[in-house]
Amino acid sequence: MSHPQDSLITDSHAPDSPQEPVEGVEATTVDTLPSLEEQLRQTELLAAEHHDAWLRAKAETENMRRRAQEDISKAAKFAIEKFANELLVVKDSLEQTLAVEGASLEAIREGADLTLKNLAKAFEKSGLAEINPVGEKFDPHKHQAISAVPSEQPANTVVQVFQKGYALEGRVLRPALVAVAQSA
């Protein structure tokens with residue numbers, strides 16, 4: 001009795017030898033995969049490259065952070081330099097006024113006026129502005145009311161300034177001390 005497996009083995013279509021090249025088709029060689037050792041070596045090289053790049057990036061980030069902190073420190077330390085240079089002119093003017101021996105009251109007054117003008121220029125150049133709100137509506141962000149007085153002006157209107165306020169680039173350094181109109 002013959003088994004179906006026997007017929008497969010003796011089938012006439014089964015090649016006994018390697019296939020012969022088919023006409024018009026190029027013979028190709030089969031690329032062999034690299035060995036596991038070679039794959040491991042290549043992967044280790046790639047990992048070492050990535051680790052080196054990571055270390056360099058980390059060092060560069062640390063350097064940038066350090067430089068930024070130094071820049072911030074210098075900016076804070078020397079931020080007032082421009083204003084200080086402007087104040088030197090004011091100080092010189094005041095010293096010149098006081099250096100005049102036997103100066104008349106008028107000469108001292110002129111020197112004080114010149115000094116005040118120089119100070120106003122220094123403030124303006126440095127972004128320091130006066131807050132002098134007479135006649136304005138009371139603003140608790142810019143004004144500090146220390147009294148309410150009877151007035152013909154609308155309630156909460158600034159009627160008197162006891163001390164001017166100052167703002168630096170729009171941010172209040174010192175609010176103006178004011179009296180406001182009482183509500184009727």
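Where a number appears in this text, it was derived from the coordinates with a stated rule and is not lab data. For clarity, every value in this text was computed on a predicted model and none was experimentally measured. Virtual Cβ from ideal backbone geometry, glycine too; neighbours counted across all protein chains shown.
For the stretch 56-172, the direction-averaged projected area of the alpha-carbon convex hull comes to 12.7 nm².
Find out how many positive minus negative residues lie around F123, taking Lys and Arg as positive, Asp and Glu as negative, among other residues whose Cβ is under 15 Å from that of F123. With Lys, Arg at +1 and Asp, Glu at -1, the neighbours total +4. Karplus-derived 3J(HN,Hα) values for the stretch 108-122, using 6.51 cos²θ - 1.76 cosθ + 1.60 with θ = phi - 60°, are 5, 4, 4, x, 5, 4, 4, 4, 5, 5, 5, 5, 4, 5, 4 Hz; glycine and proline are entered as x. Considering only DSSP beta bridges with both partners in the stretch 127-184, what is the antiparallel share in %, to the nearest 5? So the antiparallel bridges in the stretch 127-184 amount to around 65 percent. Here the stretch 127-184 is treated as an ellipsoid with the same Cα gyration tensor; its semi-axes, largest first and in whole Å, are 22, 9, 8. Listed by chain and number, the lysines placed with their C-alpha closer than 30 angstrom to that of K77 are K58, K91, K117, K121, K125, K142, K164; residues fewer than eight positions away on the same chain are left out.
So how strong a dipole does the stretch 127-184 carry about its Cα centre when Lys and Arg Cβ are +1 and Asp and Glu Cβ are -1, to the nearest 20 debye?
Values: 5 positive and 5 negative charges, 31 e Å.
About 140 debye.
What is the sum of charges around V100, taking Lys and Arg as +1, Asp and Glu as -1, for the other residues whose C-beta is under 14 Å from the C-beta of V100? If you can, show how the numbers build up before the last one.
Working: positive: R109; negative: D92, E95, E101, E106, E110.
Around V100, the charge tally is -4.
Relative contact order, whole percent, for the stretch 31-184 stands at 17, derived from Cα pairs under 8 Å and 6 or more residues apart.
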